[in-house]
């Protein structure tokens, strides 16, 4: 069986042929998809060797803020659907699926008047693809209060995080891609700061059954950091996802994805998303997250104008409400692509 990844409508898809080996691979793909469609019961926990009693015990929580309006609108079920430069924030293994140099800018108006800005650039070089990303998170400054000055001292306090990542990924076979990323993360809390080196690894595998692909990613792996009074670990995430094109025509495409997310500092949750693309010009998206307290439903859209000169623009928007207490969030992403 031979599968070749070819660009179709701005995305990368396989062509396939039959064979006994192909049927076995398709069955394996269906088994993985079934595991995703029917996750463990709500009260059950998969034992990966982590301590589930330490919910919320990890630091650098800004690393878990979703980057990319398209991915946010898809309910964050993105590790098997993202095939652009933003893959460095979801599954670095998908980076080789881009077809040319890309630059993406994202602005996220986050919770409680905080904001997130991100920039990522990626370029394919032969069978490899390299990516460079920067993410900046900052909260709204507030006035310092003390025991002796409960009304405020007049000094403003700020906090925020910055992450810089360098990624490299390769297409090892026609249907298999693997990537790795090293990241420098720095957290600032008033006059104190902490930093660490982190690693991501990920892969995408096309099963040969329809357009079904499986994605696996391990993010934010790194050593424990010594804080002011005690040490804290990194917010390690494991993502397992499956995606497929339910409808694939020249003028219309309907894609769906389901993703299981396992963090080391919280309970597992499941992301789901659908995307409808019309004439490769307009995209409508929706997502739903299971087993989370807020931010369950998400919607968004994307506009992909025709190519101008050698480049093409992508403009994506996502709206995700977090309830009356936390309010609404809006994400905007601008992409510049060279097909």
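Rule-based calculations on the coordinates, nothing more; no lab input. The model shown is predicted, which means the values in this text are computed figures rather than measured ones. Don't worry about glycine lacking a Cβ; one is built from the backbone with ideal geometry, like all the others, and counts go over all protein chains shown.
In this structure, residue 184 and residue 254 have a Cβ-Cβ separation that, at R0 = 45 Å, corresponds to a calculated FRET efficiency of about 0.70.
Averaging the sequence gap over all C-alpha pairs within less than 8 Å and six or more residues apart, then dividing by the number of residues, gives segment 193-310 a relative contact order of 15 percent. Relative contact order, whole percent, for segment 277-339 stands at 26, derived from Cα pairs under 8 Å and 6 or more residues apart. Under the classification rounded if a/c is under 1.5, otherwise prolate if a/b is larger than b/c and oblate if not, where does segment 164-248 fall, given a ≥ b ≥ c as square roots of the Cα gyration tensor eigenvalues? Taking the square roots of the gyration eigenvalues as a ≥ b ≥ c, segment 164-248 is prolate.
Counting neighbouring Cβ atoms within 10 Å and putting the fewest first, the residues 199, 216 line up as 199, 216.
The modelled label-to-label distance between residue 172 and residue 132, using points 7 Å beyond Cα along the C-beta direction, is 2.8 nm.
Spatial offset of segment 60-94 relative to segment 279-331 amounts to 12 Å, using the alpha carbon center of each. Take every Cα pair under 8 Å in segment 177-241 that's 6+ residues apart, average their separations, divide by the length, and report that relative contact order as a whole percent. Dividing the mean separation by the residue count of segment 177-241 yields 26 percent. Placing dummy labels 7 Å off each Cα toward the beta-carbon, the span from residue 112 to residue 267 is 2.3 nm.
Put in order of Cβ neighbour count within 10 Å, fewest first, the listed residues 193, 298, 72 become 193, 298, 72. Once both labels are positioned 7 Å from their Cα atoms along Cα-to-Cβ, the gap between residue 146 and residue 307 label points is 6.3 nm. List the residues of segment 286-311 whose backbone N lies under 13 Å from a point placed 7 Å from the Cα of residue 278 along the Cα-to-Cβ direction. Label zone hits: 301-304. Ranking of 269, 110 by neighbouring Cβ atoms within 10 Å, starting from the fewest: 269, 110.
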